[in-house]
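The values are calculated or read from the model by the stated rules, or taken from the named source; none is laboratory data. Everything numeric in this text was worked out from a predicted model, so none of it was measured. Quick reminder, even Gly has a Cβ in these numbers, built from the backbone with ideal geometry, and neighbours come from all protein chains shown.
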Amino acid sequence: MSNEEKNIVDCLIIGSGPAGYTAAIYAARANLKPVMFTGLQQGGQLMNTTDVENYPGYPKGILGPEMMEDFRKQAERFGTEINFGMVTKVDFSTSPKKVWIDDTKLVEAHSVIIATGAEAKWLGLPSEKRLNGNGVSACAVCDGFFYKNTEVAIVGAGDTACEEALYLSKLCTKVHMIVRRDEMRASKIMQDRVLNTPNIQVYWNSETDEIIGENVVESVRLKNNKTGEITEIAVKGFFVAIGHKPNSDVFKEFLDTDDQGYIITQNGTPKTKIPGVYACGDVQDKTYRQAVTAAGSGCMAALESERWLGEMRQ
């Protein structure tokens, strides 16, 4: 029975951020007739981003949603079938692989590209959500440039928070670093770098009580956990660096993940431990987490899928 009769997809792409759309463009141009399921947020994290100025090809910058619309149109132009739907179950032990959408629809595929991304962890303050994109950010590398020569705050105590605080210290006049306990989780060398940077001020035993501002961030109010003292600091930007959660739970029965949930791929490739299953973008990248690196890994996943399908049919 042919693939068409059984309705088996050659290349199934799960997720629709820069990684997923780039994989779709390459797979479609290779005549793999890719089928994509977007997930709940079509376009991924960039749909919550305002100005993107660090992606090549957009000299004047572009809004995140506009960029993702460009990606989508390009993927569709070459014949990608794009569907709205959430993957709720998989079975990678069979050939073809089985993927269930919204608990009801079964899709069978010879190769699967996972591009489900990761979600930033947030503090949970209503003001944080309201001002997201208007002074509140979860990516200093993405958005730090917009706060050049201003004062900003960053919350977090791990290596990523230290790295981002150091990055911001090179752009901003002062960085106010908010640490919940009386010590950091970061490695000693990262702590030393932060503590020895003159324009980084650490607030120990402190939590963010409120982010203040009507339309943009104007200040942050801190509460000392031990004394109860309230401090308000005037800042233009507020960065959250308390970690990310990769969207990998549905795949964990069949794929290896690290202690944070990132899908483990073979070094320098998007290959997982299962032939024909690839992971790209932020669901497997906890180091860079940039749109351009996600797009690059989506390209790699599509090329590997094309090669694997070719070998399978020899």
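The residue that is farthest from Arg313 (Cα to Cα), counting only those in region 254-290 that are without any contact (Cβ under 8 Å) to a residue 40 or more places away in the chain, surrounded by fewer than 18 Cβ atoms within 10 Å (Cβ to Cβ) and among the charged types (D, E, K, R), is Asp259.
In the set (1) of a type in the set (A, V, I, L, M); (2) closer than 23 Å to Thr94 by Cα; (3) touching a Pro at 6+ places or on another chain (Cβ under 6 Å), Met300 fails one condition alone, (2). Of Thr104, Thr38, Thr94, all but one fail to be in contact (Cβ under 8 Å) with a residue 24 or more places away in the chain, of a type in the set (Val, Ile, Thr) and more than 30 Å from Ile211 (Cα to Cα); the exception is Thr38.
Taking into account only those residues within region 65-100 that are under 19 Å from Ala291 (Cα atoms) and buried (at least 20 other Cβ atoms within 10 Å of the Cβ), which is nearest to the chain's Cα centre (by Cα)? Even if it seems obvious, please write down each step before you answer.
Going residue by residue through region 65-100, those that are under 19 Å from Ala291 (Cα atoms) are 65-75.
With the extra rule that they be buried (at least 20 other Cβ atoms within 10 Å of the Cβ), the set shrinks to 67-68, 71-72, 75.
Details: Met67: 15, Met68: 14, Phe71: 16, Arg72: 18, Ala75: 20 Å.
Filtering region 65-100 for residues that are under 19 Å from Ala291 (Cα atoms) and buried (at least 20 other Cβ atoms within 10 Å of the Cβ), the one nearest to the chain's Cα centre (by Cα) comes out as Met68.
Reported count of residues in region 132-156, each being more than 21 Å from Gln45 (Cα to Cα) and either surrounded by fewer than 16 Cβ atoms within 10 Å (Cβ to Cβ) or free of Cβ contacts under 8 Å to residues at least 40 places away in the same chain (or both), is 3.
With respect to Gly213, determine if the residue is on the phi > 0 side of the Ramachandran plot, outside the structural domain of Ile178 (by TED's automatic domain parsing) and touching a residue at least 12 places away in the same chain (Cβ under 8 Å).
On the way: on the phi > 0 side of the Ramachandran plot: yes; outside the structural domain of Ile178 (by TED's automatic domain parsing): no; touching a residue at least 12 places away in the same chain (Cβ under 8 Å): yes.
So Gly213 does not fit the description; no.
How do the strands (runs of 3 or more DSSP E) wholly within region 67-184 filter down when requiring 3 or more residues that are more than 30 Å from Ile8 (Cβ to Cβ) and touching a strand residue (DSSP E or B) at 6+ places or on another chain (Cβ under 8 Å): which remain? Talk me through it step by step, then tell me what you get.
Values: elements: 81-83, 87-91, 97-101, 105-114, 118-120, 151-155, 174-178.
Strands (runs of 3 or more DSSP E) meeting the threshold: 151-155, 174-178.
State which residue is modelled with the lowest pLDDT when the search covers only region 82-124 and only residues that are under 18 Å from Lys245 (Cβ atoms) and among the hydrophobic types (A, V, I, L, M, F, W, C). Let's see the steps before the verdict.
Pass one, region 82-124, residues under 18 Å from Lys245 (Cβ atoms): 86-88, 114-124.
Add one more test, that the residue is among the hydrophobic types (A, V, I, L, M, F, W, C), and what stays is 86-87, 114-115, 118, 120, 122-123.
Working: Met86: 94, Val87: 96, Ile114: 98, Ala115: 98, Ala118: 92, Ala120: 88, Trp122: 94, Leu123: 96.
Here the answer is Ala120.
Yes/no matrix, rows are residues, columns are (1) touching a helix residue (DSSP H, G or I) at 6+ places or on another chain (Cβ under 9 Å); (2) within 19 Å of Leu123 (Cα to Cα); (3) modelled with pLDDT of 95 or more:
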position: Leu222; (1), (2), (3): no, yes, yes
position: Ile230; (1), (2), (3): no, yes, yes
position: Phe238; (1), (2), (3): yes, yes, yes
position: Asn247; (1), (2), (3): yes, yes, yes
position: Phe251; (1), (2), (3): yes, no, yes
position: Asp256; (1), (2), (3): no, no, yes
position: Gly261; (1), (2), (3): yes, no, yes
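Restricting region 1-24 to residues that are surrounded by fewer than 24 Cβ atoms within 10 Å (Cβ to Cβ) and in a helix (DSSP H, G or I) leaves a set whose member that is modelled with the highest pLDDT is Lys6.
Where in region 206-252 are there strands (runs of 3 or more DSSP E), lying fully within it, with 1 or more residues that are under 25 Å from Asn149 (Cβ atoms)? Walk me through it before giving the result.
On the way: elements: 206-212, 219-224, 230-234, 237-240, 244-246.
Once the strands (runs of 3 or more DSSP E) in region 206-252 are filtered for at least 1 residues that are under 25 Å from Asn149 (Cβ atoms), what remains is 206-212, 219-224, 230-234, 237-240.
Applying a threshold of 8 Å to beta carbon distances and a minimum spacing of six or more residues, or different chains, the list of pairs starting in region 298-314 at a residue that is surrounded by 17 or more Cβ atoms within 10 Å (Cβ to Cβ) and ending at one that is among the polar types (S, T, N, Q) reads Gly298/Thr22; Cys299/Thr22; Met300/Thr269; Ala302/Thr22; Glu304/Thr269; Ser305/Ser111; Trp308/Ser111; Leu309/Ser111. Residues that are assigned to a strand (DSSP E or B) and among the hydrophobic types (A, V, I, L, M, F, W, C) were ranked within region 253-277; the one that is nearest to the chain's Cα centre (by Cα) is Ile263.
For the condition in the same structural domain as Tyr21 (by TED's automatic domain parsing), at positive phi, in contact with a helix residue (DSSP H, G or I) (Cβ under 9 Å, 6 or more places away or on another chain) and not β-branched (Val, Ile, Thr), what is the one hit in Gly276, Gly298? Going through Gly276, Gly298 in turn, the sole match is Gly276. Selection over region 278-309 of residues that are part of a helix (DSSP H, G or I) and either in contact with a His (Cβ under 9 Å, 6 or more places away or on another chain) or modelled with pLDDT of 95 or more (or both) gives a count of 21.
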